[in-house]
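The values are calculated or read from the model by the stated rules, or taken from the named source; none is laboratory data. Note that this is a predicted model, so its numbers are computed, not measured. Cβ: placed from backbone, ideal geometry, glycine included. Neighbour counts: every protein chain shown.
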Amino acid sequence: MYEVSNSTWDYCVIIPSSSVRQEQGRLFGVGPDADWTKAYDNAFGISDNVYKILTLCLLEKYNFGFMTPNEHDRVDTPEYMFRCVCNYDLCNSATNFSKYLSNIMDENYVTLSSR
């Protein structure tokens, strides 16, 4: 794993590896050009001195078959993706999902308890 940055990214994303489908996890950044970040803006904007959203995890369903103009090439099986979004630098730097959750809690415990 190596660090990558881009000034157009507002959020960090982790797609955890899956033993169900033997898929490797992925880490990347997203901004409004690549994702519908308005939902993340709204969710993370709810935070205050008492309550703070640390990560937003989503299970999404995509029906990409409807985007295929040729019915012969259409795949009607939906695809599913589970991913988590966080909103500060390197918040997705863990190598696995358990470590990701631990890091998010540990990093924010220090931040919140030092106030």
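Values for this structure:
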| read-out | value |
| --- | --- |
| Those residues of region 7-44 which are within 14 Å of Asn87 (Cα to Cα), at pLDDT below 85 and either of a type outside the set (Val, Ile, Thr) or in contact with a helix residue (DSSP H, G or I) (Cβ under 6 Å, 6 or more places away or on another chain) (or both), in sequence order | Ser7 |
| Residue that is farthest from Asp106 (Cα to Cα), among those in region 33-64 that are touching a residue at least 40 places away in the same chain (Cβ under 8 Å) and in contact with a Cys (Cβ under 8 Å, 6 or more places away or on another chain) | Thr55 |
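Per-residue answers, yes or no, for (1) at pLDDT 90 or above; (2) in a helix (DSSP H, G or I); (3) within 21 Å of the chain's Cα centre (by Cα):
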{"site": "Ser47", "(1), (2), (3)": "no, no, yes"}
{"site": "Gly65", "(1), (2), (3)": "no, yes, no"}
{"site": "Thr77", "(1), (2), (3)": "no, no, no"}
{"site": "Phe82", "(1), (2), (3)": "yes, no, yes"}
{"site": "Tyr88", "(1), (2), (3)": "no, no, yes"}
{"site": "Asn92", "(1), (2), (3)": "no, no, yes"}
{"site": "Thr95", "(1), (2), (3)": "no, no, yes"}
{"site": "Ser98", "(1), (2), (3)": "no, yes, yes"}
{"site": "Tyr109", "(1), (2), (3)": "no, yes, yes"}
